[in-house]
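Asks: Starting off with a structure, shown below.
The values are calculated or read from the model by the stated rules, or taken from the named source; none is laboratory data. For clarity, every value in this text was computed on a predicted model and none was experimentally measured. In this analysis, Cβ positions are derived from the backbone assuming ideal geometry, glycine residues included, and neighbour counts consider all displayed protein chains.
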Amino acid sequence: MFQKLVNHNNDILRLVEKGYAVAFDSNHLVVRDIPYLDSDRKLQFGAIVTKLEFIDQERVTQTDHQIFFAGSIPHGLDGNPISNLGGGPCQLTLSEASKEVVVQRSFSNKPKSTGKFQDFFEKIESYVAIISGPAIELHNANPHTFRAVKEVIPDSIFKFHDTLTSRAEIADISAKFKDDVIAIFGLGGTGVYVLDFLVKTPVREIRAFDLDEFRVHNAFRSPGRVEPTEFGKPKAEIYRSRYENFRTGLLITRKFIDASCSGDLDGVTFAFVCVDKGSSRAEIFDLLISMGIPFIDVGMGLNRKRGSLNGMLRTTYYSAEQARKLRDKGLAELADSPDDLYRTNIQIGELNALNASMAVLRFKQLRGFYFDEVSYYHLLFEVSDLKILGESSFNEF
């Protein structure tokens with residue numbers, strides 16, 4: 001990967017050929033061995049880190065004129081901090097391969113004539129002249145060490161570079177999902193949106209299960225493009241083909257999960273139950289509870305009211321410790337009503353997506369990705385007034 005990026009980006013190639021210690025890490029360009037003076041005019045070495053924006057799999061560009069710097073405040077020959085660098089103290093988490101590159105601050109110094117750098121070569125050259133100039137003059141220091149640190153930390157899950165995470169500087173928070181193996185039961189209107197959201201989340205593996213075929217009504221409650229040739233094919237096949245080019249660790253199986261399917265769930269760390277049949281839900285609940293797998297169950301109930309649709313969305317979290325007690329509270333239907341045969345099951349795409357969003361948001365709170373002020377185990381969204389009511393996990397069952 002190092003050589004591929006160098007070969008397809010002439011500005012980075014020029015940096016390497018000039019002798020800069022270039023490396024790539026977590027969608028950042030890292031240039032080590034940058035000399036500078038400390039407050040005592042002693043020679044120190046730091047590193048410049050700048051964000052990469054991937055145009056495609058091989059070409060990169062800048063996001064802005066700023067850089068991060070691993071090191072203390074650079075000083076001039078007069079012993080004063082170098083002026084016109086802007087920025088300030090900040091932190092940025094890189095991978096374990098670059099653990100010695102500890103970012104302490106950012107700098108902002110754009111070209112006066114154009115307001116932006118032409119490319120990475122011009123950007124690095126400009127900042128090195130400012131930061132390293134005094135050290136080069138006083139100590140004859142040389143930033144061109146020809147040391148190529150070739151580790152590239154790829155996105156081990158995604159087949160595209162996750163530049164969104166690096167641009168937002170949340171790589172350390174996103175890493176909280178790296179050991180998760182997620183199971184999704186049911187790829188109907190809500191389940192397929194759960195799948196869509198999780199495909200773009202850096203969990204290690206996703207296992208989804210659905211026995212049904214893709215019908216016309218599914219097209220109105222699923223994300224992405226629909227091809228007429230998809231109708232009548234298994235949902236598992238359709239959604240596998242939609243998402244397999246996006247990430248690794250994706251297993252979508254045409255299968256009905258019951259009490260005999262424990263082998264399919266070996267290693268699963270969390271599950272989403274997105275089925276609308278009570279008896280099927282009951283079997284999945286019992287299996288998950290017996291295996292100690294925490295899970296979120298979703299549900300939706302809509303009906304006509306004075307010429308409009310009204311109803312509720314439900315999101316319920318069953319922790320491994322409290323799942324059996326919570327199951328007995330009867331918050332989810334666990335049996336098939338004789339009236340189900342005649343019931344119209346109303347589901348609308350935007351409500352399916354919202355129900356899935358509530359479920360995935362709650363999961364991400366549990367992992368510490370989103371802040372969790374009140375740990376709700378049960379959430380109800382009322383369509384008529386757009387309010388969410390919650391029961392806290394601190395309540396006694």
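Asks: List pairs: first in region 57-72 and in the same structural domain as Y36 (by TED's automatic domain parsing), second in a loop (DSSP other than H, G, I, E, B) and among the aromatic types (F, W, Y), Cβ under 8 Å, 6+ apart or cross-chain?
Replies: Between residues of region 57-72 that are in the same structural domain as Y36 (by TED's automatic domain parsing) and residues that are in a loop (DSSP other than H, G, I, E, B) and among the aromatic types (F, W, Y), the close pairs are Q57/F160; Q62/F117; H65/F117.
Asks: If you don't mind, another one. Any residue in region 272-289 that is touching a residue at least 24 places away in the same chain (Cβ under 8 Å) sitting within a Cβ distance under 6 Å of a residue that is among the charged types (D, E, K, R) and buried (at least 24 other Cβ atoms within 10 Å of the Cβ)? List the pairs, counting only those 6 or more apart or interchain.
Replies: Partner pairs satisfying both residue conditions: V273/D297.
Asks: May I pose another question? Pairs please, first residue from region 311-334 and in the same structural domain as D286 (by TED's automatic domain parsing), second anywhere and polar (S, T, N, Q) and surrounded by fewer than 18 Cβ atoms within 10 Å (Cβ to Cβ), Cβ atoms under 6 Å, 6+ apart in sequence or on different chains.
Replies: Qualifying pairs under 6 Å: G311/N303.
Asks: Also: Is it fair to say F231 is out of contact with any strand residue (DSSP E or B) (no Cβ under 6 Å at 6 or more places or on another chain) and assigned by TED's automatic domain parsing to the domain that holds A353? Please lay out each step first, then the result.
Replies: Working: out of contact with any strand residue (DSSP E or B) (no Cβ under 6 Å at 6 or more places or on another chain): yes; assigned by TED's automatic domain parsing to the domain that holds A353: yes.
When the stated conditions are applied, F231 passes them.
Asks: Now, a different point. Residues that are at pLDDT 90 or above, in contact with a His (Cβ under 8 Å, 6 or more places away or on another chain), surrounded by 14 or more Cβ atoms within 10 Å (Cβ to Cβ) and among the β-branched types (V, I, T): does region 314-321 have at least one? Explain how you work it out, then say what you get.
Replies: Step one: list which residues in region 314-321 are at pLDDT 90 or above, which gives 314-321.
Restricting the remaining residues to those that are in contact with a His (Cβ under 8 Å, 6 or more places away or on another chain) gives 314-317.
Checking the rest, the ones that are also surrounded by 14 or more Cβ atoms within 10 Å (Cβ to Cβ) come to 314-317.
Adding the requirement that they be among the β-branched types (V, I, T) leaves 315-316.
Looking for residues that are at pLDDT 90 or above, in contact with a His (Cβ under 8 Å, 6 or more places away or on another chain), surrounded by 14 or more Cβ atoms within 10 Å (Cβ to Cβ) and among the β-branched types (V, I, T), one finds at least one in region 314-321, hence yes.
Asks: Considering only residues that are out of contact with any helix residue (DSSP H, G or I) (no Cβ under 6 Å at 6 or more places or on another chain) and of a type in the set (F, W, Y), look in region 247-286 and name the one that is farthest from V203 (Cα to Cα).
Replies: F256
Asks: Please give the strands (runs of 3 or more DSSP E) falling wholly within region 240-315 in which 1 or more residues are within 19 Å of E213 (Cα to Cα) and aliphatic (A, V, I, L, M).
Replies: Values: elements: 250-253, 270-273, 295-305.
Fully inside region 240-315 and qualifying: 250-253, 270-273.
Asks: With out of contact with any Asp or Glu (no Cβ under 7 Å at 6 or more places or on another chain) and farther than 23 Å from E137 by Cβ as the only criterion, which of D38, D56 stands out?
Replies: Numbers: D38 fails: farther than 23 Å from E137 by Cβ.
Just a single option satisfies the conditions, and that option is D56.
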